[in-house]
1. Would you confirm whether or not region 6-22 contains a residue that is more than 21 Å from Thr228 (Cα to Cα), in contact with a Phe, Trp or Tyr (Cβ under 8 Å, 6 or more places away or on another chain) and crowded, with 16+ Cβ neighbours inside 10 Å?
2. If you take the residues of region 197-212 that are free of Cβ contacts under 8 Å to residues at least 60 places away in the same chain and not hydrophobic (A, V, I, L, M, F, W, C), which of them is nearest to Thr239 (Cα to Cα)?
3. Take region 174-195 and flag every residue that is over 21 Å from Ala238 (Cβ atoms) and either within 21 Å of the chain's Cα centre (by Cα) or aliphatic (A, V, I, L, M) (or both).
4. Considering each of Glu99, Glu120, Glu135 in turn, give the residue that is in contact with a helix residue (DSSP H, G or I) (Cβ under 6 Å, 6 or more places away or on another chain), of a type outside the set (A, V, I, L, M, F, W, C) and farther than 11 Å from Val148 by Cβ.
5. Looking at region 53-170, what strands (runs of 3 or more DSSP E) fall wholly within it and have at least 2 residues that are surrounded by fewer than 18 Cβ atoms within 10 Å (Cβ to Cβ)?
6. Conditions first: (1) more than 30 Å from Tyr70 (Cα to Cα); (2) modelled with pLDDT under 95; (3) touching a strand residue (DSSP E or B) at 6+ places or on another chain (Cβ under 8 Å). Gly150 passes all but one, so which condition is the exception?
7. Between residues in region 75-87 that are closer than 17 Å to Leu180 by Cβ and residues that are crowded, with 23+ Cβ neighbours inside 10 Å and of a type in the set (Gly, Ala, Ser), which pairs lie under 7 Å by C-beta distance while being six or more apart or on different chains?
8. Which residues, counting only those in region 213-239, are without any contact (Cβ under 8 Å) to a residue 24 or more places away in the chain and under 18 Å from the mean Cα position of the chain (by Cα)?
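The values are calculated or read from the model by the stated rules, or taken from the named source; none is laboratory data. These numbers come from a predicted model, not from an experiment. All Cβ positions, glycine included, derive from the backbone under ideal geometry; neighbour counts span all protein chains shown.
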Amino acid sequence: MSAPLFLVEALPTADTLTLDGPEGHHAATVARLRVGEELLLADGRGGTAAAEVTAVGRGALDLRVTSRGYVDASVPRVVVVQGIAKGDRGELAVQAMTEVGVDEIVPWAASRSVVQWRGERGVRARDKWAATAREAAKQARRAWLPVVAGTPDESTTTVVRRLAGSAAAFVLHEEAEERLTAVELPDAGEITLVVGPEGGIAPAELSAFREAGARPVRLGPSVLRTSTAGVAALSVLATRLRRW
């Protein structure tokens, strides 16, 4: 089993350190790491460090750094514009997409989103997506923490501008004729993929996305839920971009 990963604000410059705070508590109390065991530290921006536990305290570990590394950012970047969903479906989507390698997630206030993020409720909901992405990145041993954009959500107008500036943009749509498995992909820049909410993408939204240069695509004959469509599409892209 690979060593567990813990996220830190900055990697240590010295050869020894104490891991405390929430990550130290999780390592010492929840994961119950012991002297001699190894773990990974990551700053969420590509930097990593392998370390060995030298002492266990109350909610903290003393560590000795054994190696350092850096993981280059993925090129092209893959961004998913995720229609806001009700209940925990949005969080399930964020978790799964993070595990398969999404680089950025943009919460989208689609016209058919049942739930609307407004005021403090919206800020809390977006922060929950960010926390979900953080935990999923740790589970997946990712050196790069995906960005969760939005203030806290993005309007269709803002999404259109994002699509227009992408190297390639696609909209998952059940009536599309082109398949994501066959479209041409760029070597650099951003690939932006739009996933609609439970009620789907409204005709006016699809028209606006088309005008911005986005191409409707499908995965196959099945109609997937908003919580699974993004991760399925990312799996296709990861394979085609040779990330997997």
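1. Of region 6-22, the ones more than 21 Å from Thr228 (Cα to Cα) are 6-22.
Adding the requirement that they be in contact with a Phe, Trp or Tyr (Cβ under 8 Å, 6 or more places away or on another chain) leaves 19.
Remaining after also requiring crowded, with 16+ Cβ neighbours inside 10 Å: 19.
Within region 6-22 (the criterion being more than 21 Å from Thr228 (Cα to Cα), in contact with a Phe, Trp or Tyr (Cβ under 8 Å, 6 or more places away or on another chain) and crowded, with 16+ Cβ neighbours inside 10 Å), the answer is yes, since at least one residue qualifies.
2. Arg210
3. none
4. Result of the check over Glu99, Glu120, Glu135: Glu99.
5. 60-70
6. Gly150 satisfies all of (1) more than 30 Å from Tyr70 (Cα to Cα); (2) modelled with pLDDT under 95; (3) touching a strand residue (DSSP E or B) at 6+ places or on another chain (Cβ under 8 Å) except (1).
7. Close Cβ pairs (under 7 Å, with a partner that is crowded, with 23+ Cβ neighbours inside 10 Å and of a type in the set (Gly, Ala, Ser)) amount to Val80/Gly230; Gln82/Gly90; Gln82/Ala93; Gln82/Gly230.
8. Residues satisfying the conditions are Ala232, Thr239.
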